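The values are calculated or read from the model by the stated rules, or taken from the named source; none is laboratory data. All values derive from a computational prediction rather than experimental measurement. Backbone-built Cβ (ideal geometry, glycine too); neighbour counts: all protein chains shown.
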Amino acid sequence: MKRIKLTANEGMWLTDGDICAKSVYLGENDEPGNWREITEEERERIIKEADAVDK
Amino acid sequence: MTEFNEQKIAEVTEKLTRASENSTRLYDVGFTAGKKSEYDAFWDTFQKSGSRIYYDRAFADGTNGGNMWVFNKTYRPKYTMKPVSAVSMYSYGTLPYEAIASVDFSDCTDFYSTFSYFSISGSEKKFPPIDIRSATRTQNMFGWCSGIREIEEIKISENTAVQSMFNGMTSLCEVRFNGTIGKNGLSFASCARLSKQSIKNIIGCLSDTVSGMKITFSKEAVNKAFESIEGENDGENSSGWCDDLVSTKPNWTIALA
């Protein structure tokens, strides 16, 4: 089965608000609209927030 | 003037020597018994005479480089350990393979930060098989462990929580799951050295029935592990990755970070 693959532009990241990635193979219940492109700074903020929740 | 008879002198000398030897022997026996009694008193208290099941921070070491728990010196548990809670149990510590292999984690539910910043001593940096089938919390279980290169086996069930176990674990090359990953997603984004065999094993363990789950791998690890031409780092475009693995789990979102 062919998967939809999203790829971030150079220097950018993709996020669904939960995880950050450079490229994503969407699962069958996932949609491109769930993902948006973000900058490195925004990614760092999301990761910091996720780490704070884990700790 | 007293006259000393040579025979008498020899007899007295022998008696004194014997007495001295006996006294040394007695001292040694007493010293050993004392040490044993101190060992028993400490570990009987520390391990509640074998009934302890909450081992939160039990063998955690300091963050300032101090190493309090040294295998076969200060770390010599008297009773077999079977924790139900192991929050930060070995955080910041350094112990050999056999020290961890002797602990039975099969009833343990809370693995929060259990081995964060932990190192396995010895050159192989191999972590023994561990049964986490009862786990309900695993955040940072192996967080920032730079001293573990391989985890021989992680036994799980479909109900095992496996979230955020490998945060910051940059040195991990080999890991083998035994069971089905289905309770929640997980991330190997920090594991840039993860091997092809390990990636294949992990994807093979992903549940075929759950939906909405996500798994993240290091883009660097995938590109290296599956590269079609050596040095090209083109693994994510290879058929070994796309057709043989990604396409087998359409119910999972697979991310490369």
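Of the candidates B:ALA33, B:ALA60, the single residue that is part of a loop (DSSP other than H, G, I, E, B) and surrounded by 10 or more Cβ atoms within 10 Å (Cβ to Cβ) is B:ALA60.
From the list B:VAL222, B:VAL210, the one residue that fits, being part of a helix (DSSP H, G or I), modelled with pLDDT of 95 or more and within 14 Å of chain A (Cβ to nearest Cβ), is B:VAL222. Out of B:LYS78, B:LYS73, one residue alone is basic (Lys, Arg) and in contact with a helix residue (DSSP H, G or I) (Cβ under 7 Å, 6 or more places away or on another chain). It is B:LYS78. The condition of being more than 14 Å from every other protein chain (Cβ to nearest Cβ), over 21 Å from A:THR15 (Cα atoms) and of a type in the set (A, V, I, L, M) holds for only one of B:ILE229, B:ILE203, that being B:ILE229.
Condition first: surrounded by fewer than 24 Cβ atoms within 10 Å (Cβ to Cβ), of a type in the set (Gly, Ala, Ser) and modelled with pLDDT under 95. Can you find one or more residues in region B:125-134 that meet it? Checking region B:125-134: not a single residue is surrounded by fewer than 24 Cβ atoms within 10 Å (Cβ to Cβ), of a type in the set (Gly, Ala, Ser) and modelled with pLDDT under 95.
The condition (being of a type in the set (Val, Ile, Thr) and within 18 Å of B:CYS145 (Cα to Cα)) is satisfied by just one residue among B:VAL29, B:VAL87: B:VAL87. Considering region A:7-37, and only residues there that are crowded, with 18+ Cβ neighbours inside 10 Å and assigned to a strand (DSSP E or B), the residue that is farthest from the other protein chains (Cβ to nearest Cβ) turns out to be A:THR15. Condition check for B:PHE142 on (1) in contact with a Lys or Arg (Cβ under 8 Å, 6 or more places away or on another chain); (2) closer than 15 Å to B:LYS126 by Cα; (3) among the hydrophobic types (A, V, I, L, M, F, W, C): one failure, at (1).
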